[in-house]
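Here's the structure, in structure tokens; my notes come after.
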Amino acid sequence: MAASTIRPAPSAASDSLAEPPLPGDDPTLFELDLRGLRDRWAPTAARPPMTAEAMVGADRRAQALGIPGIKLMEQAGIATAAAARALAIDTERWGRGPVVVLAGPGNNGGDGFVAARHLARAGADVIVAFVAGESRPRGADAARNWDRLQREPRVQLIHAPVARDVAILGQGIDKAAIVIDALLGTGVRGALREPVRSAVEVVNRARAAMVPVLAVDTPTAVDLTSGDPSDPVVRADLTVTFHRPKLGLRTKMGRALAGRVLVAPIGIPQEVDRA
């Protein structure tokens, strides 16, 4: 799948200042293909790009204003699920195998847990691999969404604390409908450590086998500010990032690794942004 950025096409939506509905408030979101999602979220994609640090600050200020992190995570996960379904349908892979979510221990993994729940409720069989030495996600919001998956009959949960467990998962990765990379978001520095390193290699093996890859917020190990990769790095077919475009995904290297890019609203007020 060729790498390109999904940019707002000229339309009534992008020409107006009207904000799109939040993913969780959008009753037709799961009926849209990738073009439809691009058009729905065109006003969000038209916002000025921001750095990783600015995004962290905006998230914190939104929570300080009384918007719970769990609600922001829910919106991000719903957006990811809708994009994953659209990607699978557009590539004629929906229902041809399980959706495999590789999730790390932080909030990026939490977004993946939410996406898994909504994909399962949309009719997909989902395998969620929690790739971390810890037995539970680090943050309270991610842990809560991990616990919610225990009650989803179409979701199979796997804990992969070491590279060997990841390697076992990778043996059947070519049978996946799509793979969702929810391993690491912002803050990656230097070479990746196990078991995330092995998980990135599994993601790239899937893509080499023609399994579409969707990255949550950024492909794992791509810096959202500079676009520079760590080693190894995920190469995605589609990246769903949130609130505003990211500078790192607009660099030459970032664009090549992110594939097409959608920018979904998640409920962070624009007034919390700082130049």
Quarter of Cα convex hull surface for the stretch 125-234, i.e. mean projection, nm²:
6.9
Formal net charge of residues neighbouring LEU29 (Cβ-Cβ distance under 11 Å; K, R +1; D, E -1)
-1
ARG96 versus SER226, label points 7 Å from Cα toward the beta carbon: distance in nm?
3.8
Calculate one ³J(HN,Hα) per residue across the stretch 61-71 by plugging θ = phi - 60° into the Karplus curve 6.51 cos²θ - 1.76 cosθ + 1.60, and present them in order as whole Hz with x for glycine and proline.
5, 4, 5, 5, 7, x, 8, x, x, 5, 6
DSSP bridge pairs, the stretch 142-275: antiparallel proportion in percent, nearest 5
10
Any idea what angle helix 107-121 forms with the longest principal axis of the chain, computed on alpha-carbon atoms, 0 to 90 degrees, nearest 10?
80
Value at 222 nm in deg cm²/dmol, rounded to 500, when DSSP H runs of n ≥ 4 in the chain each add -39,500 (n - 2.57)
-11000 deg cm²/dmol
Which residues make up the longest stretch of the chain that has no trypsin sites (Lys or Arg not before Pro) in a DSSP loop with at most 15 other Cβ atoms within 10 Å?
1-95
Charges only on Cβ, +1 for Lys and Arg, -1 for Asp and Glu: so what's the dipole of the chain about the Cα centre, in debye to the nearest 20?
280
Summarise the accessible area of the chain (1.4 Å probe, protein heavy atoms) by the percent that is carbon and sulfur.
51
Euclidean distance between Cα centres, the stretch 197-275 to the stretch 94-157, Å
19
Among the GluC sites (Glu not before Pro) in the stretch 22-103, which ones are in a DSSP loop with at most 11 other Cβ atoms within 10 Å of the Cβ? Mind listing them?
GLU92
Excluding ligands, DNA and RNA, what is the solvent-accessible area per residue of the chain at a probe of 1.4 Å, expressed in Å²?
42
With only Lys, Arg, Asp and Glu charged, each at its Cβ (+1 for the first two, -1 for the last two), find how big the charge dipole of the stretch 86-156 is about the Cα centre; round to the nearest 20 debye.
200
Tensor-based shape of the stretch 9-163 (alpha-carbon gyration tensor, a/c under 1.5 rounded, otherwise prolate or oblate):
oblate
Using protein chains only and a probe of 1.4 angstrom, how many square angstrom of ILE78 are accessible, to the nearest 10?
20
Antiparallel %, DSSP beta bridges [both residues in the chain], to 5:
5
Could you give the angle, 0 to 90 degrees to the nearest 10, between helix 140-149's Cα long axis and the longest principal axis of the Cα atoms of the chain?
60
Which entry in (1) 1.22; (2) 0.91; (3) 0.96 matches Cα Rg over 2.2 N^0.38 Å derived from the coordinates of this structure?
(2)
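The values are calculated or read from the model by the stated rules, or taken from the named source; none is laboratory data. This structure is a prediction, so every number in the text was calculated from the model and none was measured. Reconstructed Cβ throughout: ideal geometry from the backbone, glycine too, with neighbour counts over all protein chains shown. Only protein heavy atoms, including side chains, enter the accessible area calculation; ligands, DNA and RNA are left aside. Shrake-Rupley method; radii C 1.70, N 1.55, O 1.52, S 1.80 Å.
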